Amino acid sequence: EVVRIADGDGGAAYPPLGILTTADRDTWADAREMLAAIPGVEDAVRIIESAALMLCLDDQRPVSRSQCGMLFLTGDRGSGHNRWFDKSIQLIATDNGKAGLLGEHALMDGMPVTGLAHAIVARFRPASPASSRSP
């Protein structure tokens, strides 16, 4: 399903509702209330809010650490609509294979998100020659 949507075969266009989560709390609460009154959108918001994390597939191709940092933290100019800033954990993957993690800290402090980031990096880091040798 994720690949089908990412490839643009999802059928209906998806409105960039995530941009609403960048507003101040009162504005976002009012917008969310209005969204909840729209048939179909209410279900989408409920599904997003009940998810354990958000997977953001970005079309951008950042190269430098600075470009990656800006894109992963804010969505930069091209992907801000592709974030849900109320979601505690967002995994972000770019078109050229860069990846990042964005943690919203209101629900939990930074340590669980930091632990997750370390586990992901450890899982995909190539083994060093010394650690792969048998004793």
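The values are calculated or read from the model by the stated rules, or taken from the named source; none is laboratory data. The shown structure was predicted, so the numbers you read here are calculated from the model rather than taken from an experiment. A quick note on method: Cβ atoms are made from the backbone with ideal geometry, for glycine too, and the neighbour counts reach across all protein chains shown. We work out accessible area using only protein heavy atoms, side chains counted, and drop any ligands, DNA or RNA first. Shrake-Rupley method; radii C 1.70, N 1.55, O 1.52, S 1.80 Å.
Observations, loosely collected:
- Residues satisfying the stated conditions in segment 18-76, i.e. in a helix (DSSP H, G or I), open to solvent by 40 Å² or more (accessible area, probe 1.4 Å) and touching a residue at least 40 places away in the same chain (Cβ under 8 Å): ILE19, THR22
- Number of residues in segment 78-97 that are open to solvent by 20 Å² or more (accessible area, probe 1.4 Å), modelled with pLDDT of 90 or more and under 19 Å from SER64 (Cβ atoms) equals 4.
- Residues that are among the hydroxyl-bearing types (Ser, Thr, Tyr) and more than 16 Å from GLU49 (Cβ to Cβ), drawn from segment 69-107: THR74, SER79, THR94
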